[in-house]
1. Tally time: how many residues in the stretch 439-468 are more than 20 Å from residue 189 (Cα to Cα) and surrounded by fewer than 17 Cβ atoms within 10 Å (Cβ to Cβ)?
2. Quick one: which of 379, 374 is at pLDDT below 95, within 22 Å of residue 130 (Cβ to Cβ) and within 13 Å of ligand 1 (Cβ to nearest atom)?
3. Residues that are more than 16 Å from ligand 2 (Cβ to nearest atom) and surrounded by fewer than 20 Cβ atoms within 10 Å (Cβ to Cβ): which helices (runs of 4 or more DSSP H) entirely in the stretch 245-339 hold 3 or more of them?
4. Looking at 327, 371, 366, can you tell me which residue is farther than 17 Å from residue 230 by Cβ and touching a residue at least 60 places away in the same chain (Cβ under 8 Å)?
5. Filter the stretch 1-27 down to residues that are part of a loop (DSSP other than H, G, I, E, B) and touching a helix residue (DSSP H, G or I) at 6+ places or on another chain (Cβ under 8 Å) and give me whichever is surrounded by the fewest Cβ atoms within 10 Å (Cβ to Cβ).
6. For the stretch 340-368, which residues satisfy the criterion of being within 12 Å of residue 417 (Cα to Cα), touching a strand residue (DSSP E or B) at 6+ places or on another chain (Cβ under 7 Å) and not in a helix (DSSP H, G or I)?
7. Residues in the stretch 176-234 that are assigned to a strand (DSSP E or B) and surrounded by 15 or more Cβ atoms within 10 Å (Cβ to Cβ): how many?
8. How many residues does the stretch 139-155 hold that are in contact with a helix residue (DSSP H, G or I) (Cβ under 7 Å, 6 or more places away or on another chain) and either without any contact (Cβ under 8 Å) to a residue 60 or more places away in the chain or in a helix (DSSP H, G or I) (or both)?
Ligand code: 2HG
Ligand code: ZN
């Protein structure tokens with residue numbers, strides 16, 4: 001089979017060279033290391049089909065991979081070295097851009113920031129962004145139903161993917177790129193593939209919703225006493241600005257300090273230290289009144305009333321970018337800080353403030369010496385509630401040992417409040433055991449039944465997402 005693949009894909013599409021494969025065999029945080037029989041980089045959907053057909057005939061597992069920035073090792077192969085690592089990197093064409101349909105058709109290997117640039121070229125934008133935008137690819141963003149920093153206004157990938165092309169585990173091609181706003185032909189395969197982490201097939205291209213370009217934006221950094229004040233501020237700004245608020249990101253003092261410690265060229269945006277910091281972005285369409293003036297006025301009244309302690313509104317794009325950088329590099333700063341028990345949880349927005357305070361107190365008192373760094377997308381209820389080991393502990397050993405008890409404790413705390421243990425990063429390998437422990441029989445039954453219906457041979461990204469099937 002490998003010789004056939006080598007012939008079919010040519011030297012650009014096939015390698016078994018250890019050096020070439022090495023960067024793609026470990027996850028972004030370096031926690032999981034796998035092996036693969038070969039790294040395949042098909043140039044088009046026909047080649048993907050040929051690979052899947054051969055793999056199905058030979059009962060060989062395929063692990064699809066995009067930018068390899070998964071937070072849950074969703075694109076890292078198992079250690080047995082039998083699977084084929086299938087990289088979509090070479091399929092990076094933007095097939096079309098239509099201002100009339102407000103749709104871009106992008107292949108799975110298109111990098112998110114390249115799509116942003118292409119949309120800007122026709123006076124539109126693709127309204128999903130995240131810290132890894134320079135490396136994350138469309139196929140991975142779809143397969144993880146990525147969220148990011150604009151979910152508040154535009155939703156996750158699920159609400160932005162209007163059509164999909166994919167190769168199913170049988171090797172059949174699903175041609176669903178037509179960008180229909182309404183389509184009631186029954187079960188929606190497109191929605192099944194979004195967030196499936198490559199377990200139901202390989203997304204090769206997608207039709208993506210575009211929205212009008214931004215005319216002007218206002219970016220502000222706010223210091224305030226706590227998350228309750230933050231939620232009050234969010235609701236007040238929404239009431240005053242309509243749907244102009246795109247981002248409302250929260251970070252406590254210890255997370256800002258971590259960023260300033262590890263990322264060169266960053267500096268604190270406000271004079272004093274504040275228990276909580278909020279990054280806010282509002283936008284206005286071309287020709288509408290400048291949003292900077294409006295946000296500045298609203299924050300001034302909030303300060304007068306004592307709802308917030310201090311604020312600064314970026315005076316130009318460079319300042320706006322500098323504020324955004326403080327938010328977007330958190331994951332990088334945390335990686336530099338060392339191993340952590342990481343949680344990507346969501347709860348209803350109304351209880352986020354209580355959750356942040358109560359869960360932090362509960363974890364830090366139950367696990368002596370541990371330190372919570374909880375930050376994230378307050379506006380949509382998604383908090384990255386990460387827990388650092390005690391300063392004197394061996395970080396890696398702690399994460400594998402006591403860290404597991406921390407995971408269970410946090411997930412139970414979240415579950416008791418109706419929340420989810422995976423808001424936007426997916427399940428991959430790292431959350432699989434916890435999903436199995438907490439999901440309950442109905443959810444598990446549905447996951448397994450769908451997996452079995454579409455991938456009866458179990459060749460698509462085994463060992464990820466679906467507990468008990470590999
Ligand atoms: C973010 O919001 C990313 O910055 C990463 O989702 C979160 O590292 C994390 O926990
Ligand atoms: Zn996030």
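1. So in the stretch 439-468, the residues more than 20 Å from residue 189 (Cα to Cα) come out as 439-442, 463, 467-468.
Now restrict to residues that are surrounded by fewer than 17 Cβ atoms within 10 Å (Cβ to Cβ): 440-442, 468.
Summing the residues that are more than 20 Å from residue 189 (Cα to Cα) and surrounded by fewer than 17 Cβ atoms within 10 Å (Cβ to Cβ) in the stretch 439-468 gives 4.
2. On the way: 374 fails: at pLDDT below 95.
None of the other options fit; the residue is 379.
3. So the answer is 253-262, 291-304, 317-328.
4. The match here is 371.
5. Taking the stretch 1-27 and keeping what is part of a loop (DSSP other than H, G, I, E, B), we get 1, 16-17, 25, 27.
Remaining after also requiring touching a helix residue (DSSP H, G or I) at 6+ places or on another chain (Cβ under 8 Å): 1, 16.
Values: 1: 14, 16: 12.
Checked the stretch 1-27; the qualifying residue surrounded by the fewest Cβ atoms within 10 Å (Cβ to Cβ) is 16.
6. Within the stretch 340-368, 345, 346 meet the criteria.
7. Of the residues in that region, 20 qualify.
8. Count: 4.
The values are calculated or read from the model by the stated rules, or taken from the named source; none is laboratory data. Note that this is a predicted model, so its numbers are computed, not measured. Reconstructed Cβ throughout: ideal geometry from the backbone, glycine too, with neighbour counts over all protein chains shown.
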